[in-house]
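Participant: Input: one structure, supplied below.
The values are calculated or read from the model by the stated rules, or taken from the named source; none is laboratory data. Computed from a predicted structure; not experimentally measured. Glycine also receives a Cβ, built like all others from the backbone with ideal geometry; neighbour counts cover every protein chain displayed. Ligands, DNA and RNA are stripped out before the accessible areas are found, and what is left, the full protein with its side chains, is counted by its heavy atoms. Shrake-Rupley method; radii C 1.70, N 1.55, O 1.52, S 1.80 Å.
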Amino acid sequence: MSGAPAKYQVLLTAGAEQDLEAIHDYIAEFDCVANANYVLDELMALVDSLSRIPERGSYPKELVTLGIKEYRQTAFKPYRVIYRLTANQVIIYLIADGRRDMQSVLARRLLGA
């Protein structure tokens, strides 16, 4: 699958970049740098794979209950990657630990609440 040509350009918002940095820093501090690097590599591979098959993601249930179906998600458990598709881009808005109160996180980041 890695040989498949990219159909979409993948962009990370500043918030998503900060999420990755915070996840890495947290794991490095409370576990070890090797594990932090592993998780970061896996998340980046997941993000990169969205350039080829972004439609595979499901709709976040927290947003569907509000009638919002413009965002999708995929995961490297426990981390959820929330993104939106445009004509030729995948825009990553949020990368967060799915064990958090995702309703609040999504409301703040995506809906400005």
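Participant: What pairs can you find where one residue is in the stretch 25-42 and within 20 Å of residue 75 (Cα to Cα), the other is assigned to a helix (DSSP H, G or I) and of a type in the set (S, T, N, Q), and their Cβ atoms are less than 8 Å apart, with a gap of 6+ or different chains?
Facilitator: 27/35
Participant: Name, by its number, the condition in (1) closer than 20 Å to residue 90 by Cα; (2) open to solvent by 20 Å² or more (accessible area, probe 1.4 Å) that does not hold for residue 50.
Facilitator: (2)
Participant: Report yes if residue 43 is in a helix (DSSP H, G or I), in contact with a strand residue (DSSP E or B) (Cβ under 7 Å, 6 or more places away or on another chain) and at pLDDT below 95, otherwise no.
Facilitator: So residue 43 does not fit the description; no.
Participant: Residue 5 passes all but one of (1) in contact with a helix residue (DSSP H, G or I) (Cβ under 9 Å, 6 or more places away or on another chain); (2) more than 25 Å from residue 101 (Cα to Cα); (3) modelled with pLDDT under 95; which number fails?
Facilitator: Evaluating residue 5 over (1) in contact with a helix residue (DSSP H, G or I) (Cβ under 9 Å, 6 or more places away or on another chain); (2) more than 25 Å from residue 101 (Cα to Cα); (3) modelled with pLDDT under 95 leaves (1) as the failure.
Participant: For residues in the stretch 1-47 being under 14 Å from the mean Cα position of the chain (by Cα), among the charged types (D, E, K, R) and over 15 Å from residue 90 (Cα atoms), which is surrounded by the most Cβ atoms within 10 Å (Cβ to Cβ)?
Facilitator: By that ranking, first place goes to 19.
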